[in-house]
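Asker: There's a structure below that I have some questions on.
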Amino acid sequence: MNDTLNKRKKITQILAEETGGKSYKAHKYSLDSDRSSLEYNETEDRTFVWKKRGETDPPITYKSLETRAKFLAERDEQVLTYFLDGSRHVYKVDDMAYTQSGDRSVIYPTIAGQVGVGICKRIDKKMMPEALTKEIVLSVPGIADPSGKGGFFEALSVKLNDSNELARIKQCGHF
């Protein structure tokens, strides 16, 4: 593929050409909103149990921290120095069909996301940014590798990262 032309194409176009998939140019939407939701079999047990706990002594009842908080507030030293915060946004950007055995096509969603993590540092009761990392993540199924050989997704990643469209997206800060 001509690299100059590749730089002008939309990411979904590059994906379709490189993977041999058929793009349906589906409606793009955020999976973080209430509008779109993933549906599951409602008869399934949807409970979740933590396998590990963060507490040394798991709480049995309410534990008041008022005395400890007053003690720490009276001290002039800061207790916490670094703070970590993050966000993520997930989008369904396309539906892509891939041919499986027997020449039947199966449609998979193409999911993209933005992940941001920031670290703040407090010095003398003043907050300052310490570090910020932002990444764009693209999820495609394993069947998207037409060759089945190792290194395909790494090469695809290089092509996508080299596209003008991805540079534009990163510059805008959103999809």
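Asker: Out of the residues in the range 126-143 meeting the condition of being surrounded by 12 or more Cβ atoms within 10 Å (Cβ to Cβ) and more than 20 Å from Val90 (Cα to Cα), tell me which one is modelled with the highest pLDDT.
Answerer: Glu130
Asker: Name the residues in the range 93-116 that are over 30 Å from Phe83 (Cβ atoms) and surrounded by 14 or more Cβ atoms within 10 Å (Cβ to Cβ), would you?
Answerer: Matches in the range 93-116: Val93, Asp94, Asp95, Met96, Ala97, Tyr98, Thr99, Tyr108, Pro109, Thr110.
Asker: Within the range 101-114, is there a residue that is part of a helix (DSSP H, G or I), free of Cβ contacts under 8 Å to residues at least 24 places away in the same chain, among the basic types (Lys, Arg) and out of contact with any Cys (no Cβ under 9 Å at 6 or more places or on another chain)?
Answerer: no
Asker: Residue pairs, Cβ under 9 Å, 6 or more apart or interchain, first in the range 76-100 and over 30 Å from Ala16 (Cα atoms) and modelled with pLDDT under 85, second of a type in the set (Lys, Arg) and surrounded by 12 or more Cβ atoms within 10 Å (Cβ to Cβ). List them.
Answerer: So the pair list comes out as Gln78/Arg122; Leu80/Arg122.
Asker: Residue check, Gly151 against (1) in contact with a strand residue (DSSP E or B) (Cβ under 6 Å, 6 or more places away or on another chain); (2) under 27 Å from Arg168 (Cα atoms); (3) modelled with pLDDT under 90; (4) not aromatic (Phe, Trp, Tyr), all met but one. Which one?
Answerer: Of everything listed in (1) in contact with a strand residue (DSSP E or B) (Cβ under 6 Å, 6 or more places away or on another chain); (2) under 27 Å from Arg168 (Cα atoms); (3) modelled with pLDDT under 90; (4) not aromatic (Phe, Trp, Tyr), Gly151 misses just condition (1).
Matching residues to (1) at pLDDT below 85; (2) hydrophobic (A, V, I, L, M, F, W, C); (3) surrounded by 12 or more Cβ atoms within 10 Å (Cβ to Cβ); (4) in contact with a His (Cβ under 9 Å, 6 or more places away or on another chain):
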{"site": "Asn41", "(1), (2), (3), (4)": "yes, no, no, no"}
{"site": "Phe48", "(1), (2), (3), (4)": "yes, yes, no, no"}
{"site": "Thr61", "(1), (2), (3), (4)": "no, no, no, no"}
{"site": "Gly118", "(1), (2), (3), (4)": "no, no, yes, no"}
{"site": "Asp124", "(1), (2), (3), (4)": "yes, no, no, no"}
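The values are calculated or read from the model by the stated rules, or taken from the named source; none is laboratory data. None of the values given here were measured: they were computed from a predicted structure. Neighbour counts are summed over all protein chains in view; Cβ atoms, including those assigned to glycine, are modelled from backbone coordinates with ideal geometry.
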